[in-house]
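Handing you a structure now.
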Amino acid sequence: MRRLPTYLPGVILLAFLLVFPVSCERTDPEAQMEEARAALMSNYYSAKYFRKVEVTGDKVEITFSSGDPVILDKTRVKVVDCRIAPVPEATPSQDGNVPDGNASISWVAYDYHYLYLGLSNGHMLLIPDSPELSLHTVSFLKEDNPSLSEDLVLHPSGNILTGKLPAGSDGFLLKPRFLYRGKSLTLDGVPLKDEALDFGKRTSCRIDLSGGGSVSYTIILTEDFPTVRIYTDGGAAIVSKTDYVTGRIVIDDPERRYSEMEHYEGTMKIRGRGNSTWNMPKKPYRIKLDQKVSIFGIHEDKDWVLLANYADKTLLRNAVAMRISDICGMSWTPAIYQVEVYLNDEYQGCYAFSEHKKVSASRVQLSSEGNYLEIEAGIDEPAWFRTGMNILIQFKEPENPDEGRIASVKGFLDAFEECLLTEGRGDPVTGYPSRIDIPSFINQYIIQELTKNIDADLFKSQFLTLEPGGLLTFPHVWDFDLAIGNCDYFSGHPGMDNSYRGWYIRNYSQEGRNTGWYWYLFKDPAFVAAVKARWKELYPALEALGEDIPAMASRLSGAAHRNFDRWDILGTYVWPNVMVLGDYMAEVKYMQKFYQDRLHWMDSEINFW
């Protein structure tokens, strides 16, 4: 047998390789796709920018500002040309980066400025063609924000993103999602967190880029907030609390936030109102319409007020107090609605539009023989007297009572105070039960004590009714802009301070500690027991109100920030602020904490009565 030459196997191998070439690289298409996906993610995390996409048959070539192109196979991954088709649906991740380490690219899309990378977990990333386009969208999704009536998505125009809250939405405390490309993102200098933020003001957004440097944007949300526009005849100034100025009023509520009324226009007259508040830069007003009208669904009337709340930097203390009044079931709780006010087309700020306190069928109900009385520090009514405990009582209605009526009412009040000073004060026939409406006195006490209202120690802004042969009654409450932690001179009362602790209404009047009506009422165990029982009945609703304060602020936030653009006082002491916090939501949180801390302190103390 002839042996083959020793070189022949090599010749055969060479011929085989020439006919059937074998690559030393992997040719598994799936492996190549995984490498392409990895290359795309590498480009996303780098400082490179998208340049273009070229498609040749099933081959997709993606180039970047530097480095090798990435090659995709259209038969292996979905590729969408968004110049002619919409971007596939995806959810922006909260932090702008891959939200889970196992996510992989499931589709790729592109347009003139962006390369979009769809992930297997439903999120989407992007690579822009320039640093200025690093922020693609800011999304406020209904699934994150139940207060929204629908999703709201903002796109940049230059470095500004603007949007309008959808009709029916309930406030500016919103949780955003950002579709951006960068190393990190901050809002007003604070790293982005998974929480609701206050977008009622202009919000600064900064993205730190992977390659160094940063790019900044401004986010602006607007709304259709209810407005009251006052036009005085001839543009006359409103300079008096007694002399009215005539003019025209226009009220708009385009989203029908408060009622079915969208628009009202009519003639009216207007003057100043208030005591210390009239001396502040932002003026409160009294309005008298020429015709009775129902505003915001309130019973029709001519008389209304605009409360400025200048010293109350939450703009909410009166509204919170009226919520407490409603919970306690006072016979009348003045309706309060937040509006923005323009005077002769000049923006005045955010005001509380409210019912004027007066005798009427829908407000303070009183017979023609009844008396509507005010406890007030300064004499501003023609008929008045002082009680034996030196409490100044003025007649609101009738405004000019005869001497006999004045003497009768004074005699009733003096007799009431005299019975309080006796050991038999609780006697149902000769004591206070035969002279006062006990439920209204208890409700009044709870409202004023819970809010720690500095003026409510039988000093000012307290209102009473007295019918002939009837009981002395507290029909409603009023004036809480210096309550709920917004008064810094409690130390003027020995043993008191500005904190949430301490019995104020119970223990004090203007005559000092251990004086006044409530000091003596609380000497009767029956009155103490009645207050405790009423407190326990009301406590769950009062506690729920504390939790609702941020939502109240959220609804007001946009108008509040516009107010403080007009009145730049958030960082300034305004008499008699306890705190100067420099931020609207910080003011709200302080007020909420004061309310909740005092509520819980009172509850723990009352449990031991």
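Condition first: closer than 30 Å to V320 by Cβ, open to solvent by 10 Å² or more (accessible area, probe 1.4 Å) and either β-branched (V, I, T) or touching a residue at least 40 places away in the same chain (Cβ under 8 Å) (or both). Can you find one or more residues in the stretch 422-438 that meet it?
Yes, the conditions are met somewhere in the stretch 422-438.
Oh, and also: Please tell me if I298 is under 30 Å from G378 (Cβ atoms) and β-branched (V, I, T).
The answer is yes for I298.
When the residues of the stretch 60-70 are narrowed to those that are free of Cβ contacts under 8 Å to residues at least 60 places away in the same chain and out of contact with any Asp or Glu (no Cβ under 7 Å at 6 or more places or on another chain), which ends up nearest to A36 (Cα to Cα)?
V70
Moving to a separate point now. Just name the residue that is nearest to the chain's Cα centre (by Cα) out of those in the stretch 283-316 that are outside any strand (DSSP E or B) and surrounded by fewer than 19 Cβ atoms within 10 Å (Cβ to Cβ).
My answer is G297.
Determine which member of the set I287, I375 is β-branched (V, I, T) and closer than 24 Å to Q448 by Cβ. So that I can check it myself, show each step before the final result.
Working: I287 fails: closer than 24 Å to Q448 by Cβ.
One residue alone meets the criteria, I375.
Let me ask something else about it. I'd like the residue in the stretch 361-379 that is part of a strand (DSSP E or B) and of a type in the set (A, V, I, L, M, F, W, C) and, out of all such residues, is surrounded by the most Cβ atoms within 10 Å (Cβ to Cβ).
Among those that are part of a strand (DSSP E or B) and of a type in the set (A, V, I, L, M, F, W, C), it is L373.
Go through the stretch 250-262 and give me each residue that's more than 12 Å from V293 (Cα to Cα) and part of a strand (DSSP E or B).
Here is the first cut: in the stretch 250-262, the ones more than 12 Å from V293 (Cα to Cα) are 250, 252-260, 262.
Passing the criteria: V250, D252.
What are the residue pairs meeting all of these: first residue in the stretch 527-543, first residue at negative phi, second residue of a type outside the set (A, V, I, L, M) and exposed (fewer than 15 other Cβ atoms within 10 Å of the Cβ), Cβ atoms under 6 Å, and 6 or more apart or on different chains?
If the second residue must be of a type outside the set (A, V, I, L, M) and exposed (fewer than 15 other Cβ atoms within 10 Å of the Cβ), the pairs left are V528/W609; K532/W609.
Which condition breaks for E423 when tested against (1) in a loop (DSSP other than H, G, I, E, B); (2) in contact with a strand residue (DSSP E or B) (Cβ under 9 Å, 6 or more places away or on another chain); (3) at pLDDT 95 or above; (4) not aliphatic (A, V, I, L, M)?
Against the list (1) in a loop (DSSP other than H, G, I, E, B); (2) in contact with a strand residue (DSSP E or B) (Cβ under 9 Å, 6 or more places away or on another chain); (3) at pLDDT 95 or above; (4) not aliphatic (A, V, I, L, M), E423 comes up short only on (2).
Could I ask something else about it? So in the stretch 246-269, with the set limited to residues that are over 16 Å from E355 (Cβ atoms) and among the β-branched types (V, I, T), which one is farthest from the chain's Cα centre (by Cα)?
Checked the stretch 246-269; the qualifying residue farthest from the chain's Cα centre (by Cα) is T246.
Which of the residues spanning the stretch 132-164 are in contact with a Phe, Trp or Tyr (Cβ under 8 Å, 6 or more places away or on another chain), open to solvent by 40 Å² or more (accessible area, probe 1.4 Å) and not in a loop (DSSP other than H, G, I, E, B)?
L133, V153, I160
State whether the residues of the stretch 507-516 include one that is open to solvent by 60 Å² or more (accessible area, probe 1.4 Å), free of Cβ contacts under 8 Å to residues at least 60 places away in the same chain and touching a strand residue (DSSP E or B) at 6+ places or on another chain (Cβ under 9 Å). Spell out the reasoning first.
Quick first cut of the stretch 507-516, residues open to solvent by 60 Å² or more (accessible area, probe 1.4 Å) only: 510-511, 513-514.
Those left that are additionally free of Cβ contacts under 8 Å to residues at least 60 places away in the same chain: 513-514.
So of that shortlist, the ones also touching a strand residue (DSSP E or B) at 6+ places or on another chain (Cβ under 9 Å) come out as 514.
Yes, the stretch 507-516 contains at least one residue that is open to solvent by 60 Å² or more (accessible area, probe 1.4 Å), free of Cβ contacts under 8 Å to residues at least 60 places away in the same chain and touching a strand residue (DSSP E or B) at 6+ places or on another chain (Cβ under 9 Å).
Also: What is the one condition in (1) over 21 Å from G378 (Cβ atoms); (2) in contact with a Pro (Cβ under 7 Å, 6 or more places away or on another chain) that V293 does not satisfy?
Going through the list (1) over 21 Å from G378 (Cβ atoms); (2) in contact with a Pro (Cβ under 7 Å, 6 or more places away or on another chain), V293 breaks only (2).
Just for strands (runs of 3 or more DSSP E) wholly inside the stretch 173-248: which have at least 2 residues that are over 30 Å from D290 (Cβ atoms) and of a type in the set (S, T, Y)?
Working: elements: 177-180, 184-187, 203-208, 214-222, 227-232.
Of the strands (runs of 3 or more DSSP E) lying wholly inside the stretch 173-248, those with at least 2 residues that are over 30 Å from D290 (Cβ atoms) and of a type in the set (S, T, Y) span 184-187, 203-208, 214-222.
Within the stretch 225-235, identify whether any single residue is modelled with pLDDT of 95 or more, of a type in the set (S, T, Y) and surrounded by fewer than 12 Cβ atoms within 10 Å (Cβ to Cβ), and answer yes or no.
No, the stretch 225-235 has no match at all.
Hey, another quick one. As an exercise: evaluate A407 against (1) assigned to a helix (DSSP H, G or I); (2) in contact with a helix residue (DSSP H, G or I) (Cβ under 7 Å, 6 or more places away or on another chain); (3) free of Cβ contacts under 8 Å to residues at least 24 places away in the same chain and give the number of the one condition it does not meet.
The single condition A407 does not satisfy is (2).
Identify, please: which residue in the stretch 439-474 is charged (D, E, K, R) and closer than 22 Å to G370 by Cα and is, among those, most open to solvent (accessible area, probe 1.4 Å)?
If we take residues in the stretch 439-474 being charged (D, E, K, R) and closer than 22 Å to G370 by Cα, then E467 is most open to solvent (accessible area, probe 1.4 Å).
Search the stretch 327-357 for residues being touching an Asp or Glu at 6+ places or on another chain (Cβ under 6 Å) and either without any contact (Cβ under 8 Å) to a residue 24 or more places away in the chain or not in a strand (DSSP E or B) (or both), and hand back the single one that is least open to solvent (accessible area, probe 1.4 Å).
P334
Can you pull out the residues in the stretch 575-609 that are of a type in the set (S, T, N, Q) and in contact with a helix residue (DSSP H, G or I) (Cβ under 6 Å, 6 or more places away or on another chain)?
Q592, Q596
To continue, here is another question. Kindly indicate whether A529 is within 30 Å of S434 (Cβ to Cβ) and either in a loop (DSSP other than H, G, I, E, B) or among the aliphatic types (A, V, I, L, M) (or both).
Spelling it out, A529 is indeed within 30 Å of S434 (Cβ to Cβ) and either in a loop (DSSP other than H, G, I, E, B) or among the aliphatic types (A, V, I, L, M) (or both).
From the set of residues in the stretch 479-498 that are of a type in the set (F, W, Y) and more than 22 Å from the chain's Cα centre (by Cα), which is least open to solvent (accessible area, probe 1.4 Å)?
Of the residues in the stretch 479-498, the ones of a type in the set (F, W, Y) are 480, 489-490.
Filter once more, so that each one left must be more than 22 Å from the chain's Cα centre (by Cα): 489-490.
Working: Y489: 78, F490: 7 Å².
Ranking the qualifying residues of the stretch 479-498, first place goes to F490.
The values are calculated or read from the model by the stated rules, or taken from the named source; none is laboratory data. Fair warning: this is a prediction, and the values are worked out from it, not measured in the lab. No Cβ is skipped: glycine too gets one built from the backbone with ideal geometry, and neighbour counts run over all protein chains shown. Areas reflect the complete protein model, heavy atoms only, side chains present, ligands, DNA and RNA absent. Shrake-Rupley method; radii C 1.70, N 1.55, O 1.52, S 1.80 Å.
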